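The values are calculated or read from the model by the stated rules, or taken from the named source; none is laboratory data. Remember, it's a predicted structure, so these values are computed and weren't measured experimentally. Ideal geometry is used to build each Cβ from the backbone, glycine not excepted, and the neighbour counts take in all protein chains shown. Quick note on the areas: whole protein, heavy atoms, side chains included, nothing else; ligands and nucleic acids left out. Shrake-Rupley method; radii C 1.70, N 1.55, O 1.52, S 1.80 Å.
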Amino acid sequence: MLVFKFGGASVKDAAGIINLARVVKRYSDNQLLIVVSAMGKTTNALEKLTKAYVEQSDDMHAIYEEVKQYHQNILTELFEPNHPVFNEVANTFVEIDWMIEDEPHDDPDFIYDQIVSIGELVSTRIIAAYLNKESLKSQWLDVRGYIHTDNTYREGIVQWDKTAKSIQQGIPPLLEKGMVITQGFLGGTSENFTTTLGREGSDYTASIFAACLGAESVTTWKDVPGVLNADPKFFEDTVKFDELSYTEAIEMTYYGATVIHPKTIKPLQNAKIPLLVKPFNDPDGVGTIIKEDAANVFKKPVIIIKQNQILLSISAKDYSFISETHLSDIFRLFAKNHIKVNLMQTSALSFSVCIDWYEERFNRLLKDLNESYKVKYNQGLMLITLRHYQLDSLKDLTLGKTVLLEQISRNTAQLVVK
């Protein structure tokens, strides 16, 4: 059996969904489990709605109506007015209606997961209905009953034994009857609340299903020709990798390459399942294959850009050296606030660390750190990571920028710049 994953860009409009059906039809002789993200920029819009709800902003209802109208327009292009999918989608949005009727009292991360998850639930309802309309027999599956997580909202930790048992018992009989369409990015807790697996987590969802089911391969369909050495939004002269090893792919995603979710590779590596990254607008395109015995060829350095970074400098209030005891305490506070470290460096009197900007989490971290330490920080920075670099590449990328922190090893260079 095969596992496919379609990202938001591939299903951003009615034409994208029609194209998805064409791609899927080419593989209709196989057992297929299809993981789908929210449509287009819906996750961003629902994040905006969540923020408006938590802050009780005046534009909350306008944001929500825009999200619903976007999906309504797609439905109108694909289906006759009396098709049951209209009610299915409306009933799914009711979950948001119920939440925003009341003032917010829950933890912001919990609220985030309950609202933002609706994007995937709606997109999969639409796609499953359209595939059936096109005589491609498919079944809609609620992933929250199969991928079980703890209660870490926005970064749900998968409970692997329980998840594997649910998938292995429940999915094979469904695949015997036709394609299975399910949501990426989502999980469920033992209390039946929704969790999310981290932004861009649909790739991870696909790898979880593949590993548990022993799939032949996972294919993630993207708006790029494969895995590139750099983001084409920032660089014009990118090159595509025909193949990459699991190890190199893990390194790239760890440093922030967004073409694949960081947690995607490990389950596939453990099960020796190849991952194919292919262009959804060119199904015959070669794409990139990620596998154990790949021959890594680097014609140009891998360049990874992370925007919206913060550089913190943490020092003891009594001017003592930064010791292992201090570092242990600092990392405890980072873990408590679910903050990931992108780059760190220690000197005699300070510990410098580069992190992603999440306003609520950062403010909580800052409050905790200020109890025991002096903290200085710079916002609005960029983290540049190069793998398999040459010195000329470093000079070109930092031209006209101020380098605040750099770290260079044999294979990897990282620079925090403004």
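Numerical summary
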item: Inter-probe distance in nm under a simple model that places probes 7 Å from Cα toward Cβ, at residue 327 and residue 272; result: 3.8 nm
item: Global form of segment 149-194, assessed from the alpha-carbon gyration tensor, a/c cut-off 1.5; result: prolate
item: Rounded accessible area of residue 53 (nearest 10 Å², 1.4 Å probe); result: 10 Å²
item: Positive-end extreme of charge dipole, the chain - chosen from 245, 84, 63 (charges on Cβ); result: 245
item: Spatial separation of Cα centroids for segment 164-199 and segment 324-368, in angstrom; result: 34 Å
item: Translational D in µm²/s for segment 189-261 (Stokes-Einstein at 37 °C, 0.692 mPa s, Kirkwood Rh from C-alpha pairs); result: 230 µm²/s
item: Sites residue 281 and residue 103 - FRET efficiency at Förster radius 41 Å, r taken between beta-carbons, to 0.05; result: 0.35
item: Separation in nanometres of the label points that stand 7 Å from Cα toward Cβ, at residue 378 and residue 142; result: 4.9 nm
item: Environment charge at residue 13 (Cβ cut-off 12 Å; Lys +1, Arg +1, Asp -1, Glu -1); result: +1
item: Dipole-positive endmost among 403, 337, 358 within segment 268-418 (Cβ charges, Cα centre); result: 403
item: Positive minus negative residues near residue 279 (Lys, Arg vs Asp, Glu; Cβ under 13 Å); result: 0
item: Sum of side-chain charges, residue 22 neighbourhood, beta-carbon under 14 Å (Lys, Arg +1; Asp, Glu -1); result: +1
item: Value of D in µm² per second that Stokes-Einstein yields for the chain, Kirkwood Rh from Cα pairs, at 10 °C (1.306 mPa s); result: 69 µm²/s
item: Out-of-range pairs (alpha-carbon distance over 20 Å; input 68/177; 51/222; 41/263; 48/68; 299/401); result: 68/177; 51/222; 41/263; 299/401
item: Among 262, 4, 294 the positive-end extreme of the charge dipole of the chain (Cβ point charges); result: 294
item: Pairwise centroid distance, computed over Cα atoms, of segment 114-129 with segment 381-418, Å; result: 40 Å
